[in-house]
Amino acid sequence: MHGNNLYDAIVIGGGPAGSTAATVLASKGRRVVLLEKEKFPRYHIGESLLPYTYFPLQRIGLIDRMKASHFPKKFSVQFVSSDGRASQPFYFFTPLKHEAAATWQVLRSEFDQMLLDNARAQGAEVREETMVRQMIQENGAVTGVRAVGKNGETLEFHAPITIDASGRDAFAVTRNGWKVRDPYLNKIAVWTYYQGALRDPGVDEGATTIAYLPHKGWFWYIPLPEDIVSVGAVAEKTYLYNGTRDLASIFHHEVAINVWVQQHLAPGRQTGPYRVTGEYSYRSRYCAADGLVLIGDAFAFLDPVFSSGVFLALRSGELAADAVDAALTTGNVSASQFSDYGAQMRKGIEAMRKLVYTFYDLEFSFRKFVDHYPHLHGDLTDCLMGNLFRDFDPLFEAVAKFAAVPEPLEHGSPLIEGR
Ligand SMILES: Cc1cc2nc3c(=O)[nH]c(=O)nc-3n(C[C@H](O)[C@H](O)[C@H](O)COP(=O)(O)OP(=O)(O)OC[C@H]3O[C@@H](n4cnc5c(N)ncnc54)[C@H](O)[C@@H]3O)c2cc1C
């Protein structure tokens, strides 16, 4: 079946999800083409990893390179109250006796390049500056894509299965009208970078700090290589856009509210543009259709707060690639082959979604909760570290006594015609 431009699988997008899926499939001997519209390295937000990112990174053979990189090691998360008081850091190595407990803060331009190069090295054909414009369908099934190459030429690629890893461009979701917004999560983020801002010493040097703003808004403070810190404010649009749309004014207005953030940024120098993004919380109505499967942000994105995006991208890339490989072996790439994949992802995403809702519940205190239910401390820390694919019913039944826990969203299973 290997003719010209005829592949086993097509991957749209070379972010963490797409590179992982392409690597797993190529390492199984599948003929994969990955189409990426940008020329790497390219800027991307999403810099803080979760400990459980270790396992998909291990599977695609990148742990040694991560260890040898200049990415700061992240051992902990700390929370800072809106009056500027820092909590005791939550160290991942306390509950997790595994080297995964030391994770990383990454420069996404370099991290994504590393993953893409790895996909190439494992045998995937990677084509940068190639933008997918259209899906080719036969008898209702996706059988390929039409793309535009860097010189404006139209290209066609054919395969029994296409993996949409196009991130928040959400290629299939947008074209098929599958986007379902989260009913409650509706934040925006305004962020920039500082050079020379304060870092805590020693083991806390690479810690993520989450600093509260009033009304459950918050700042992230993420130390990156070369003395750069990524710092951003997240809150309701109506709150942040109150009075001005100028990003620098919005950002500095919020900095002035939290004394910890203000003091940490004071010795530093702001660098690069101020950036903004919003309306990012959604899920696709379907995770798959005949000849098509969605992974990473192209399937769902929750919220930046617990840094779950890159982990879910890698994990979905890995799970979907395994399902694609099995489907190619049986010769049946219809949507029904992705039911288990969809169910697994929805379970993991729902656990994290409940935790995110809890974070935004004004009445909820994680500290008080753990005082009440010390035996659920492990469940909570598992969720925070990305150990998401297990049973969290006892945890969220208890959480529901203190906070409004959302019902699971129905959408995200495969599109199986006739059901
Ligand atoms: C404000 C904010 C802060 C965040 N912070 C964190 C964090 O701290 N930690 C964390 O883990 N996550 C974070 N995230 C989430 C994280 O950015 C994403 O979850 C992650 O990048 C998803 O990876 P992906 O591979 O699915 O998509 P992406 O990384 O977006 O990759 C998609 C790729 O597809 C390419 N593409 C798109 N359309 C096409 C097309 N038509 N043809 C060809 N190529 C195409 C794009 O160029 C891109 O390279 C944050 C998100 C936001 C919005």
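Does residue 132 satisfy the criteria of being away from the ligand (no atom under 11 Å from the Cβ) and either in contact (Cβ under 8 Å) with a residue 40 or more places away in the chain or not in a loop (DSSP other than H, G, I, E, B) (or both)? When the stated conditions are applied, residue 132 does not pass them.
Within segment 305-327, restricting attention to residues that are touching an Asp or Glu at 6+ places or on another chain (Cβ under 9 Å) and among the β-branched types (Val, Ile, Thr), the residue that is farthest from the ligand (Cβ to nearest atom) is 324. Any residue at all in segment 41-56 that's under 30 Å from residue 130 (Cα atoms), away from the ligand (no atom under 15 Å from the Cβ) and crowded, with 20+ Cβ neighbours inside 10 Å? No. Taken over segment 152-185, the criterion of being in a loop (DSSP other than H, G, I, E, B), at pLDDT 95 or above and either of a type in the set (S, T, N, Q) or buried (at least 18 other Cβ atoms within 10 Å of the Cβ) (or both) is satisfied by 159, 160, 165, 166, 170, 178.
Yes/no per residue for (1) in contact with a strand residue (DSSP E or B) (Cβ under 7 Å, 6 or more places away or on another chain); (2) of a type in the set (S, T, N, Q); (3) not in a helix (DSSP H, G or I):
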position: 317; (1), (2), (3): no, no, no
position: 324; (1), (2), (3): yes, no, no
position: 333; (1), (2), (3): yes, no, yes
position: 339; (1), (2), (3): yes, yes, no
position: 347; (1), (2), (3): no, no, no
position: 357; (1), (2), (3): no, no, no
position: 364; (1), (2), (3): no, no, yes
position: 370; (1), (2), (3): no, no, no
position: 376; (1), (2), (3): no, no, no
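For residue 380, the requirement of being assigned by TED's automatic domain parsing to the domain that holds residue 344 and either touching a strand residue (DSSP E or B) at 6+ places or on another chain (Cβ under 9 Å) or of a type in the set (Asp, Glu) (or both) is not met.
When you scan segment 46-59, do you find a residue that is assigned to a loop (DSSP other than H, G, I, E, B), more than 22 Å from residue 201 (Cβ to Cβ) and at pLDDT 95 or above, even just one? Yes - at least one qualifying residue is present in segment 46-59.
The values are calculated or read from the model by the stated rules, or taken from the named source; none is laboratory data. All values derive from a computational prediction rather than experimental measurement. Cβ: placed from backbone, ideal geometry, glycine included. Neighbour counts: every protein chain shown.
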